[in-house]
4 protein chains.
Amino acid sequence: MPTPRSLVDKFCPVRSKRERRKEARPGELLAAALDLFVEKGFAATRSEEVAARAGVSKGTLFLYFPSKEELFKAVIMENLGGRFTEWNAEFEAFEGTTAEMLRYCMNVWWERVGLTKASGLTKLMMSEGGNFPDLAEFYREQVVRPGHDLLRRILQRGIDRGEFAPVDIDHAIYSVIAPMVFLMLWKHSAMVCVDGESALDPEKFLATQAETVLYGLSVRPGDKA
Amino acid sequence: MPTPRSLVDKFCPVRSKRERRKEARPGELLAAALDLFVEKGFAATRSEEVAARAGVSKGTLFLYFPSKEELFKAVIMENLGGRFTEWNAEFEAFEGTTAEMLRYCMNVWWERVGLTKASGLTKLMMSEGGNFPDLAEFYREQVVRPGHDLLRRILQRGIDRGEFAPVDIDHAIYSVIAPMVFLMLWKHSAMVCVDGESALDPEKFLATQAETVLYGLSVRPGDKA
Amino acid sequence: MPTPRSLVDKFCPVRSKRERRKEARPGELLAAALDLFVEKGFAATRSEEVAARAGVSKGTLFLYFPSKEELFKAVIMENLGGRFTEWNAEFEAFEGTTAEMLRYCMNVWWERVGLTKASGLTKLMMSEGGNFPDLAEFYREQVVRPGHDLLRRILQRGIDRGEFAPVDIDHAIYSVIAPMVFLMLWKHSAMVCVDGESALDPEKFLATQAETVLYGLSVRPGDKA
Amino acid sequence: MPTPRSLVDKFCPVRSKRERRKEARPGELLAAALDLFVEKGFAATRSEEVAARAGVSKGTLFLYFPSKEELFKAVIMENLGGRFTEWNAEFEAFEGTTAEMLRYCMNVWWERVGLTKASGLTKLMMSEGGNFPDLAEFYREQVVRPGHDLLRRILQRGIDRGEFAPVDIDHAIYSVIAPMVFLMLWKHSAMVCVDGESALDPEKFLATQAETVLYGLSVRPGDKA
DNA sequence: TATGAATGAGATTTCATTCAT
DNA sequence: GATGAATGAAATCTCATTCAT
């Protein structure tokens, strides 16, 4: 959902070049900002550079976003925070076993976040969150909490339906999140590789971790009810 | 862990208090720098604050270390890079199965690095390395490469002695490193926890991962020689 | 006092609504500008805000007034500088003693300027004039000088008719102006009041000052002709 | 009281050039700041210019004062707010009639504030106070309130000793302050003078106002006790 | 005529580094 | 060796003014 357009706009297809650019601006700026924030971090990214990459001047950036922090928040919402309603709905409608649901969850997460630049935002918050408490709070509220809530609902479904053992859900959530967080950090760090290509296969790693988690959640004979 | 002392210090214990202080300076600075770099990151740590925490003036810091980057490199050497000779020697002398050796490796790593502030340096390099290419290069050369080499020798030993299957060593290295890196990142990121306590038990996690890796390395009947 | 209208407007009352609006533009802008300049000062008033308060866009403001300074000059002319022809005529036609004339002068000044927002313009020029030499010069030429000239004529009339002692006119002018200026500054300065209500009664103050001045101008026996 | 010096300093008269400069710095900066703030106003004065006039670089200014606002507050304290203890003591010790005291008060005020650049600070607060609420609040607390309190004590003394009629003190305070405020504004505005020299004699004006106020405070037969 | 998106010079503030003492 | 005052490049954000539509 880039820029919301009114119904009137929808039926008036004749636009000036200027109008078209204007509507595209926020999206262009958000894209440029995502690129640069992920590439260089929040503090090290200069506002002017974001503007330049979006093809506008310094001043124009501040026409659309009142400060660098607000720009960053908008980037978070665009790429992570704002998508949870959609994702939640998708999981509400899911039919199938909860084990399948969990595997699906980790897979689509990898496709939609892990593989994309959005994964860099999590790495960024882990690095710089401490230096920008407002941003950290915002990220926790808009991304971490909804993410936890979504996972909690999945795990609860499994327990309620007798598919999973009645484990400590909060603990289990971390078992699911851990490999995802790890992959995001790994992906954005050339650091751990001596020369060139990392020898870690993310999809295989994720699948292995998923099965490990599911094994831990499995109902085994002899467990006390 | 107060201030790590060099080998020289270790064997020259008789000093006047004044000489002592003087000789101790760099160590105090390195300790202060480690604390602050890990706590706030490289870019966000102010030189003056490092000096202040070490109880000296800003000028003194630059007397011992010509720049903030050199200070950081010294911190890396003191805590990670400079310890590989000792660690290598320890493993050269190791007697026992290679499986035991690998388990021991992961355990002592956890004790000597994972649990200490030094683990923050890895997280730091993964976060900020991109903005400081010189530091990244230095870290790769002084920490990542020796670490890989050490693991490579262990794995090679296992294969040479017929204890491990003849796997792709470069790939296997990452299977060992991944959980260690993961723990370092996890430990230094309050970010992913919504409220308070993380629910991960590092030692158990590490042991599980070790066994998983060893299982993958195990020689099984039917493997082709 | 809604929007002051020019003499032209006064005698051409039949217009279509559209024309009306168009013609009213500059007046609306001048009114908005007066409000804001007086409220926030010249430098601190943003052009866009003036336009917004007048209900037009930023661009339109610059269509009518080529710069913020020119806008301010126009505000001065509309409210002060441009009214001297009318005021001069009124005083040319005045019949009565010159003492009455002087009292009348101070009273109508209070009604038409002192009590209105226009008084804020004088305070503003005294505050910010130093930073905007062009504006200061303009104000001196269009407001201060005509004001002085008007007073000079009144005083000269009094002396010529033998009603006033033949004092130094330039000096006497300041005796008349000082209390008026004082009231304008007082009115626009919440600064000097610790809590709430100022305890000064402007009309009484002005009347007292007028009598003091008149006493100083009075012809007393024993004065040398 | 420029820069407070410790006892140790007092008896170690041998100083390096650098030390001497260092001690002089805050005073030099405050003097430069007073000059420029009075000349151009708070908003229009650039920090760098203050530094330059004090003969130091931009950065040095911020070594001594953490922000432009704090610098301004320091200027206020140095020139006005910080002097009330001294002034209060002087008036506590005053011997003589309260009428003499009030005349003395207005005269020394003129000598110590009105005639000096410090008078420009009041003009400045009246002009720009509205745009800088923090500064306005500070000024009210540190200058306006102590000033009012001092005058209140003088007036109360006169009433208590039967020298003054039992008037409304808060009202009377403004009668005393008004001409002083007026003079400060008048002095700092070339605005009201057509060409060159103002024809207003401040001392005479002040003396006249003092007598007017004293007349208003005088105990007259027929006043009800 | 009217719009409002775009510009960019300019202001405050930070901090690694230097160097006189 | 040790100090800490001084520097100045660099970063964020504002707003009068322009100009394509």
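Condition check for B:T85 on (1) β-branched (V, I, T); (2) open to solvent by 70 Å² or more (accessible area, probe 1.4 Å); (3) outside the structural domain of B:A210 (by TED's automatic domain parsing): one failure, at (3).
The residue pairs whose first member lies in the stretch B:133-149 and is closer than 10 Å to B:I76 by Cα, whose second member is open to solvent by 60 Å² or more (accessible area, probe 1.4 Å), and whose beta carbons are closer than 8 Å, counting only pairs six or more residues apart or on different chains, are B:Q142/B:M77.
The set of residues in the stretch A:105-134 that are under 16 Å from the mean Cα position of the chain (by Cα) and open to solvent by 60 Å² or more (accessible area, probe 1.4 Å) comprises A:N107, A:E111, A:R112, A:L115, A:K117. Name the single residue, out of those in the stretch C:35-60 being more than 7 Å from DNA strand F (Cβ to nearest atom) and open to solvent by less than 20 Å² (accessible area, probe 1.4 Å), that is farthest from C:L135 (Cα to Cα). Checked the stretch C:35-60; the qualifying residue farthest from C:L135 (Cα to Cα) is C:A54. Being within 16 Å of DNA strand F (Cβ to nearest atom), in a helix (DSSP H, G or I) and out of contact with any strand residue (DSSP E or B) (no Cβ under 8 Å at 6 or more places or on another chain) is the requirement here; does A:A32 meet it? Here the answer is yes, as A:A32 does meet what is asked.
Somewhere in the stretch A:159-167, is a residue within 16 Å of DNA strand F (Cβ to nearest atom), among the small types (G, A, S) and either without any contact (Cβ under 8 Å) to a residue 24 or more places away in the chain or outside the structural domain of A:F37 (by TED's automatic domain parsing) (or both)? No; the residues of the stretch A:159-167 include none that is within 16 Å of DNA strand F (Cβ to nearest atom), among the small types (G, A, S) and either without any contact (Cβ under 8 Å) to a residue 24 or more places away in the chain or outside the structural domain of A:F37 (by TED's automatic domain parsing) (or both). Looking across the stretch D:61-70, just one residue is within 10 Å of DNA strand F (Cβ to nearest atom) and open to solvent by less than 40 Å² (accessible area, probe 1.4 Å), and that is D:L61. Filtering B:T85, B:T122, B:T116, B:T98 for residues that are touching a strand residue (DSSP E or B) at 6+ places or on another chain (Cβ under 8 Å) and away from DNA strand F (no atom under 16 Å from the Cβ) leaves a single hit, B:T98.
Only one entry in A:G81, A:G96 is of a type outside the set (A, V, I, L, M, F, W, C) and over 15 Å from A:P146 (Cβ atoms), namely A:G96.
Taking the stated definitions as given, is A:E48 at pLDDT 80 or above and more than 22 Å from the chain's Cα centre (by Cα)? Criteria met by A:E48.
Go through A:K73, A:K58, A:K68 for me and flag whichever is of a type in the set (D, E, K, R) and more than 16 Å from DNA strand E (Cβ to nearest atom).
None of the others qualify; the one that does is A:K73.
One residue stands out among those in the stretch C:103-147 that are among the aromatic types (F, W, Y) and over 28 Å from D:L36 (Cβ atoms): the one that is farthest from the other protein chains (Cβ to nearest Cβ), which is C:Y104.
To keep it simple, each residue is scored yes or no on (1) within 29 Å of D:L121 (Cβ to Cβ); (2) in contact (Cβ under 8 Å) with a residue 12 or more places away in the chain; (3) of a type in the set (D, E); (4) not assigned by TED's automatic domain parsing to the domain that holds C:A32.
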{"position": "C:A54", "(1), (2), (3), (4)": "no, yes, no, no"}
{"position": "C:Y64", "(1), (2), (3), (4)": "no, yes, no, no"}
{"position": "C:E92", "(1), (2), (3), (4)": "no, no, yes, yes"}
{"position": "C:G114", "(1), (2), (3), (4)": "yes, yes, no, yes"}
{"position": "C:S119", "(1), (2), (3), (4)": "yes, yes, no, yes"}
{"position": "C:E128", "(1), (2), (3), (4)": "yes, yes, yes, yes"}
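Only one entry of D:V181, D:V143, D:V167 meets the criterion of being surrounded by fewer than 16 Cβ atoms within 10 Å (Cβ to Cβ) and either at pLDDT 85 or above or under 21 Å from C:L185 (Cα atoms) (or both), and that entry is D:V167.
Looking only at the stretch C:29-53, residues that are near DNA strand E (Cβ under 10 Å from one of its atoms) and in contact with a Gly (Cβ under 9 Å, 6 or more places away or on another chain) come to 1 in all.
The values are calculated or read from the model by the stated rules, or taken from the named source; none is laboratory data. Everything numeric in this text was worked out from a predicted model, so none of it was measured. Here Cβ is always computed from backbone atoms with ideal geometry, including for glycine, and neighbour counts include all displayed protein chains. Surface areas here come from the heavy atoms of the whole protein model, side chains and all, with no ligands, DNA or RNA. Shrake-Rupley method; radii C 1.70, N 1.55, O 1.52, S 1.80 Å.
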